[in-house]
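S.K.: Here it is, the structure in full.
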Amino acid sequence: MYALLVTADVEPGHEDEGLEYLRAMLPDLQQIPGLLSGYWLATTKDGESLAIVIFEDEASAREMAEVGLPNAPQPPGATFRGAEVREVVAQI
């Protein structure tokens, strides 16, 4: 398994808008090949948004990191910062 760590910046006052956008996108996200699960963490007071998305293989995670995310539409007030792929070495 591979984890995709996604970071974005959210402008103050746009947190609820971003959350609504995310919830509306969840059915589409579930259709992504190789995606096993995803966790979106609350935006910090500094406006940092973090998501951890788990894929069954490295190729699927890299495809999302290099092609899918940079070209995906962003919710109002959010800016994609980056994505990093790491192998999952343990889980409970």
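S.K.: Mind checking the full-extension length gain between D16 and Q91? Use 0.36 nm per residue of separation minus the Cα-Cα distance, one decimal, nm.
M.R.: 23.9 nm
S.K.: Which cross-chain or sequence-distant (5 or more) residues have an amide H under 5 Å from the amide H of D57, H modelled 1.01 Å from N in plane?
M.R.: The answer is Y2.
S.K.: For helix 15-29, what angle does its Cα long axis make with the longest principal axis of the chain, in degrees from 0 to 90 and rounded to 10?
M.R.: 30
S.K.: Here's another thing I want to ask about it. Taking a ≥ b ≥ c as the square roots of the Cα gyration tensor eigenvalues, with a/c under 1.5 meaning rounded and otherwise prolate when a/b beats b/c, else oblate, which class fits segment 48-92?
M.R.: oblate
S.K.: Related question: Along the charge dipole of the chain, Cβ charges K/R +1 and D/E -1, which of A59, Q91, P27 sits furthest on the positive end?
M.R.: About the Cα centre, the residue reaching furthest to the positive side is Q91.
S.K.: Right, next: Tell me what the chain gives for mean residue ellipticity at 222 nm when only DSSP H runs of n ≥ 4 count, each as -39,500 (n - 2.57), the sum divided by the residue total, rounded to 500 deg cm²/dmol.
M.R.: Estimated from H runs of four or more residues: -7000 deg cm²/dmol.
Coordinate-derived values only; no laboratory data. This one's a predicted model, so the numbers in the text were calculated from it and none came from an experiment. Here the Cβ is made from the backbone with ideal geometry for all residues, glycine too, and neighbour counts use every protein chain on show.
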